[in-house]
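Asker: Got a structure for you, written out below as structure tokens; questions coming shortly.
The values are calculated or read from the model by the stated rules, or taken from the named source; none is laboratory data. Not measured: the values here are computed from a predicted model. A quick note on method: Cβ atoms are made from the backbone with ideal geometry, for glycine too, and the neighbour counts reach across all protein chains shown.
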Amino acid sequence: MILYIDTSALVKRYIDEEGTDEVIAWMNQADIIGTALVTRAELVATLTRATRGNRSLAKDFLESLDEFRGHWSHYQHINIDDALIIRADSLASIYALRGYDAIHLACALTWQDLLNSPITLATFDKELHEAAEKSGIQVFP
């Protein structure tokens, strides 16, 4: 299985919450895992926000951050260029997506086109999930 994972799904690999076990299982089943370059900044921001104001989570945050940064080189990084942004622009308009959701969908579709093979998009974002299904991509969950 070729798995494109957005931030809403990938963060569950590093924060133990509902959906964590499923995400880890999908990632273990995948032959290749890809994500957008912006996922790195999105995920670190999400981890930081999750621990802000909660000192008891600081150690877990640092461990999660180190783990994520260690894994980063194992993911395929989908580059964001002008053509991808134009595609994201169109997808945002068609499906009324937020900016980064449109970028994730454009990355997944572009990667699928480049690989000439079906991919599966992992997301816990409802709007992105629906748009991906309408775009013809298999979606988890």
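Asker: Based on this model, can you work out whether E63 counts as under 17 Å from the mean Cα position of the chain (by Cα) and either surrounded by fewer than 12 Cβ atoms within 10 Å (Cβ to Cβ) or farther than 18 Å from M1 by Cα (or both)? Full working, then the answer.
Answerer: Working: under 17 Å from the mean Cα position of the chain (by Cα): no; either surrounded by fewer than 12 Cβ atoms within 10 Å (Cβ to Cβ) or farther than 18 Å from M1 by Cα (or both): yes.
No.
Asker: Whether any residue in the range 18-41 is exposed (fewer than 14 other Cβ atoms within 10 Å of the Cβ), among the small types (G, A, S) and farther than 21 Å from S135 by Cα is what I want to check.
Answerer: Checked the range 18-41: at least one residue is exposed (fewer than 14 other Cβ atoms within 10 Å of the Cβ), among the small types (G, A, S) and farther than 21 Å from S135 by Cα.
Asker: Let me ask you something else. Can you tell me which residues in the range 77-94 are over 14 Å from T7 (Cα atoms) and touching a residue at least 40 places away in the same chain (Cβ under 8 Å)? It would help to see each step written out before you state the result.
Answerer: Start the filter on the range 77-94 by keeping residues that are over 14 Å from T7 (Cα atoms), which leaves 79-94.
The answer is N79, I80, L91.
Asker: Which of (1) over 16 Å from the mean Cα position of the chain (by Cα); (2) closer than 20 Å to I137 by Cβ; (3) surrounded by fewer than 17 Cβ atoms within 10 Å (Cβ to Cβ) is the odd one out, the single condition L91 does not satisfy?
Answerer: (3)
Asker: Which residue, of I33, I15, I24, is of a type in the set (V, I, T) and assigned to a loop (DSSP other than H, G, I, E, B)?
Answerer: On the way: I33 fails: assigned to a loop (DSSP other than H, G, I, E, B); I24 fails: assigned to a loop (DSSP other than H, G, I, E, B).
The unique qualifying residue is I15.
Asker: Further, regarding this structure: Take D16 and decide whether it is among the acidic types (D, E) and over 14 Å from the mean Cα position of the chain (by Cα). Working first, answer last.
Answerer: Values: among the acidic types (D, E): yes; over 14 Å from the mean Cα position of the chain (by Cα): yes.
Against the criterion (among the acidic types (D, E) and over 14 Å from the mean Cα position of the chain (by Cα)), D16 qualifies.
Asker: Could you figure out which of (1) of a type outside the set (F, W, Y); (2) closer than 21 Å to E22 by Cα; (3) in contact with a Leu (Cβ under 6 Å, 6 or more places away or on another chain) isn't true of H71?
Answerer: So H71 meets the others, but not (3).
Asker: How do the pairs read when you match residues in the range 122-141 that are touching a residue at least 40 places away in the same chain (Cβ under 8 Å) with residues anywhere that are surrounded by 14 or more Cβ atoms within 10 Å (Cβ to Cβ) and of a type in the set (V, I, T), using Cβ under 6 Å and keeping only pairs 6 or more apart or on different chains?
Answerer: Partner pairs satisfying both residue conditions: A122/I5; F140/T120.
Asker: Tell me, yes or no, whether the range 83-102 has at least one residue that is modelled with pLDDT of 95 or more and polar (S, T, N, Q).
Answerer: Yes - at least one qualifying residue is present in the range 83-102.
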